[in-house]
Amino acid sequence: MDLRFYAYSDSTKRGVCDKKIELGKQLGLEIRVEKGHQFYWYSYAVQKKGNIYYVYESEIAEENMAAEVFDYEDVFRYASLEDVKRHFPCKYGTCFKDIHVLKGERIFNVDFYDVLYT
């Protein structure tokens with residue numbers, strides 16, 4: 001399993017991540033997992049826009065990436081960061097403290113979903 005996140009102490013990282021989310025930064029993770037002799041990419045990201053926390057989650061088989069055929073691709077909206085943390089899916093050995101700032105990249109476009117849901 002490939003994990004793309006950085007190691008920080010739990011309390012330091014939690015405080016830094018919470019502040020960055022509150023400032024509207026997108027944080028997330030992408031991991032590569034093997035399921036039944038196939039590789040998949042799992043993505044999770046959260047971003048605050050206005051007073052809404054948008055959470056994106058998807059999974060795609062590596063062989064389907066060029067055609068962008070996702071096994072699933074969901075966006076959820078929450079009213080608080082605590083709700084986001086309570087609903088973290090805990091898949092593939094990850095937990096909310098594993099998310100990190102996505103330097104120079106975004107997993108999803110929050111503006112697209114903000115327009116879609118308003």
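Using a ≥ b ≥ c from the Cα gyration tensor of the chain (square roots of the eigenvalues), is it rounded, prolate or oblate, where a/c under 1.5 gives rounded and otherwise the larger of a/b and b/c decides, a/b for prolate? Oblate is the answer for the chain, as a/c is 1.5 or above yet b/c matches or exceeds a/b. Pairs of lysine residues in the chain that meet both criteria, 8 or more places apart or on different chains and Cα atoms under 19 Å apart, total 27. When both region 17-81 and region 98-114 are represented by their alpha-carbon centers, they are found 8 Å apart. Note that the chain presents 59 Å² accessible area per residue, ligands and nucleic acids not counted, probe 1.4 Å.
For a paramagnetic label modelled at 7 Å from the Cα of Glu68 toward its Cβ, which residues of region 102-118 fall within the zone defined by backbone nitrogen distances under 19 Å? Residues 105-117 fall inside that zone.
Expressed as a rounded percentage, what relative contact order does the chain have, with Cα pairs under 8 Å and six or more residues apart?
On the way: 188 pairs, mean separation 29.6, N = 118.
The normalised contact order for the chain reaches 25 percent.
Under the simplified labelling scheme, the Leu116-Phe76 pair shows an inter-label distance of 1.6 nm, with each label point 7 Å from Cα along Cα→Cβ.
The values are calculated or read from the model by the stated rules, or taken from the named source; none is laboratory data. All values reported here derive from a predicted model rather than from experimental measurement. Quick reminder, even Gly has a Cβ in these numbers, built from the backbone with ideal geometry, and neighbours come from all protein chains shown. In case anyone asks, the SASA skips ligands and DNA or RNA and just uses the protein heavy atoms, side chains included. Shrake-Rupley method; radii C 1.70, N 1.55, O 1.52, S 1.80 Å.
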